[in-house]
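A short write-up of the structure that comes next.
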Amino acid sequence: MLQAGSYVSIGDEVIRDARIGPDLLSYVVAKLEELGIDAEFESNTSLLGFYPTAAKPRHPNFPAARDAEGFLAAAQQLPLAKFCVHDFSKVRITELLEALNSHFESCDLTHDVLEFSLPGCTKGSAIRAVLAHLGYDGVGTYAFGDSENDLSMAEAVDCFIALGNALEQVKERADYVALPVWQDGVPAALRYFGLI
């Protein structure tokens, strides 16, 4: 599962491959440019940065563009499915949310990062798609999370585990709260549940 559930594969078989269409992508990029908001877009193979503010790219090993025309030309080669805005508390995020709320779902990824995903493309829906494809009812399934985009998994698995560094709303929804990630919370929880 990649891109917060927009791309799902089992082995070589692709179960879901949702993409931002070209008209919507043009609209998003125009709005980001108008508002002066930088973003990183994700495909299942790469990132593509858009930096209309001329800021230094956050991921210098991946391609980036500074204007809409250059970005849209580069985007033709990538199946983009979601994007993130950093430092969203400092930018004109309310205007962006109002412009995009009918096209995307947004969530707080922590560390002042806001993620925009296509409606219905969540980690939880990805898990359900995999379980349905495998013909499995989901008994004995586990998922770990720490940010808002992980909350959808809580309804898709038997046991939802929040890492100790998770947002409070994630901890509140969890069946179990593990140690923080920097204290090896995932392996500790796997040992606690007897999975390793």
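The values are calculated or read from the model by the stated rules, or taken from the named source; none is laboratory data. Quick caveat, the model's predicted, so the values are computed rather than measured. With ideal geometry, Cβ positions are generated from the backbone for all residues, glycine too; neighbour counts draw on all protein chains shown. Remember, those area values only see protein heavy atoms, side chains included, never the ligands or the DNA or RNA. Shrake-Rupley method; radii C 1.70, N 1.55, O 1.52, S 1.80 Å.
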For LYS82, go through the lysines and keep the ones whose alpha-carbon is under 24 Å away, minus same-chain ones fewer than eight residues off. LYS31, LYS56, LYS90, LYS123
Using a basic spin-label model with each label point 7 Å from the Cα along Cα→Cβ, how many nm lie between ASP67 and ALA54? 1.3 nm
Here the longest stretch of the chain that holds no chymotrypsin sites (Phe, Trp or Tyr not before Pro) in a DSSP loop having at most 14 other beta carbon atoms within 10 Å is 1-135
Determine the calculated [θ] at 222 nm for the chain from helices alone, applying -39500 (n - 2.57) to every DSSP H run no shorter than 4 residues and normalising by the residue count; nearest 500 deg cm²/dmol. -8000 deg cm²/dmol
Bin by bin, in steps of 5 Å, what percent of the Cα pairs in the chain do you find, going until the bin that has the longest distance? 1, 8, 15, 17, 18, 16, 12, 8, 4, 1, 0
Inter-probe distance in nm under a simple model that places probes 7 Å from Cα toward Cβ, at ILE15 and GLU98: 3.9 nm
In Å², and per residue, what accessible area does segment 48-178 have when probed at 1.4 Å with the other protein chains present? 49 Å²
If you split all Cα-Cα distances of segment 79-191 into 5 Å bins from zero, what percentages do you get per bin, shortest first? 2, 12, 18, 19, 19, 16, 9, 4, 1, 0
Measuring from label point to label point, each 7 Å out along Cα→Cβ, what is the LYS31 to TYR176 span in nm? 4.0 nm
Fraction of accessible area attributable to carbon and sulfur, segment 43-196 (%, probe 1.4 Å): 52 percent
Where in segment 157-172 is the amide nitrogen less than 17 Å from a point lying 7 Å along the Cα-to-Cβ axis of ASP137? 157-159
